[in-house]
Every structure is written in structure tokens, then in C-alpha cells.
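*Asks:* This is the structure, below, for whatever I ask next.
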Amino acid sequence: MPSSPYHESLWESIPAGLQPSHLQLRKRFLLAHVRAGERVLDVGCGEGAFTAALALHGAQPLGVDVAQEPLRRARALHPQLEFLEVPDEGEWNLPDASFDAVWAGEVVEHVRDSATWLSEVRRALRSGGTLLLSTPSHEPLSLLALALWPRAFAAHFDPRSDHLRFYNRASITRLLEDFGFERIEARSVAGLPGARSVLLVKATRSRF
């Protein structure tokens, strides 16, 4: 399938080997909710850091991304692992209910069509499966801190940025409920007290 020129150009601007933000924090969160032997879909896998961590943990991961460049890097770094390109819009070439868990680390904020994306996440998960995700946190005190620093605000909400959506605990919870997820747990971590920078979310695919 042809990859998106937009996403390819984004990845061409990212230096190879750049460590994902809050890597250890997000890795601990992910591995705490995945068991050995589980089939896990790593959505937006990039160069495969979390896919590799899942494999070392004893899980059976599949890394997917919408651009060829990160997948080329991931395959070079982790030739023993499985990676697949999926379209940035529309249906993924994955069987229904084929994963015990889906991990989407710093992905949902980049998605243009949230409805289709979440529908595909839900379709790929088995009934009762687990969705785990992280995204930048935009709780009230975090927004206040940005508002007090005009340069920080301008940089954070730069219209040229690839961040298209901005979430807090309430908004991500409502969104996931609307798409058939339950038992949703969302918490903000890292950063200053009251102005945390990362939102960690765990949700269960409803059985109906």
C-alpha cells in the first residue's frame, strides 16, 4: 500500500535512534498490564522500542505504523520481530478480535479520524481485551501553566505541529466510552505537581 507523503516527511525529519519521550515511565505502565504469551498490537510502533520491550517481556507483539521509514528502521533494529504497514485512514489489514491488548503510545493525538481509528482498535481487540495508551496531558493546571508563558503556549499549540488532538482525563474517558470501552482508568503523571505532562489510560473492550 502507498504510504502517506505527510507521514513519510515527518519521519524523515526525526533523527534515527531518538529515544521516545518518557520511555521508561511508559514502558513500566505498559508491561505492568501485559502478561507473557499475550498477543499485543503496538500501534504507531515507530522504530520498535516498545515492540521489542513487549517481546522481551514474553508477549507476542506486532508493530504497525502508517509510514515506511519507521518500519524500515524497526526491521533493521529488530529483525526477529514482526512489523506491518497500515493505512493512516480506513480499515487495517488485521483479523477481527485477534489481539489480547493494544498499545498506542503517543499516537491518539496525531490521529485525524478518531472515530475510524478507535473503531479499528476495537475491532482488532478480542472481547474483554485491554487498550493501553499514553498521550500528552491537558488538565486545567497544565493549561494554566502554558497560558502564563506565551512562548511555551505558542510552541505547544504550534499550528504546524503534528499534534491534532488535545486530551485530558475527562475527554479521553468520554471518547472511549462512546466507542464501547469500559472500566476506564486515566491518570496524569510526570511533570510538576498539579501540572502533569503525560496521560496514561487503561480501558477494557466491552463484551457486547
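Every read-out reported here was derived from the displayed coordinates using simple, explicitly stated rules and does not represent laboratory data. The model shown is predicted, which means the values in this text are computed figures rather than measured ones. No Cβ is skipped: glycine too gets one built from the backbone with ideal geometry, and neighbour counts run over all protein chains shown.
*Asks:* When the dipole is taken about the Cα centre of the chain, and only Lys, Arg (+1) and Asp, Glu (-1) are charged at their Cβ, what size is it in debye, to the nearest 20?
*Replies:* 820
*Asks:* Which peptide among 47-56, 76-85 comes first, and what is the full order, when sorted by highest mean count of other Cβ atoms within 10 Å?
*Replies:* So the order, starting with the most tightly packed, is 47-56, 76-85.
*Asks:* Turning to a different aspect of this structure: Compute the FRET efficiency between Ser21 and Glu177 as 1/(1 + (r/R0)^6), taking r as their Cβ-Cβ distance and R0 = 35 Å, and round to the nearest 0.05.
*Replies:* Between Ser21 and Glu177 the formula returns 0.80.
*Asks:* Relative contact order, percent, of segment 5-205 when contacts are C-alpha pairs under 8 Å separated by at least 6 residues?
*Replies:* 18
*Asks:* Continuing with this model, one more query. For the pair Leu94 and Ala36, what calculated FRET efficiency results from E = 1/(1 + (r/R0)^6), where r is the Cβ-Cβ distance and R0 = 22 Å, to the nearest 0.05?
*Replies:* 0.50
*Asks:* Using a basic spin-label model with each label point 7 Å from the Cα along Cα→Cβ, how many nm lie between Ser9 and Arg72?
*Replies:* 1.7
*Asks:* Taking 0.36 nm per residue of separation and subtracting the Cα-Cα distance, what length does fully extending Arg28 through Gln60 add?
*Replies:* Result: 9.8 nm gained on full extension.
*Asks:* Gain in length, His163 to Ala190, computed as 0.36 nm per residue apart minus the alpha-carbon separation, to one decimal in nm?
*Replies:* This chain segment gains 7.8 nm when fully extended.
*Asks:* Across every pair of different alpha-carbon atoms, what Kirkwood hydrodynamic radius in Å does the chain reach?
*Replies:* The Cα-based Kirkwood calculation yields 17.5 Å.
*Asks:* Just want the answer: with Cβ charges of +1 for Lys and Arg and -1 for Asp and Glu, which residue in Pro61, Gly105, Leu132 is farthest toward the dipole's positive end in segment 36-133?
*Replies:* So the residue furthest toward the plus end is Pro61.
*Asks:* Of Val201, Val189, Gly17, which is farthest on the positive side of the dipole of segment 5-205, counting Cα position, with +1 on Lys and Arg Cβ, -1 on Asp and Glu Cβ, and the Cα centre as origin?
*Replies:* The listed residue farthest towards the positive side: Val189.
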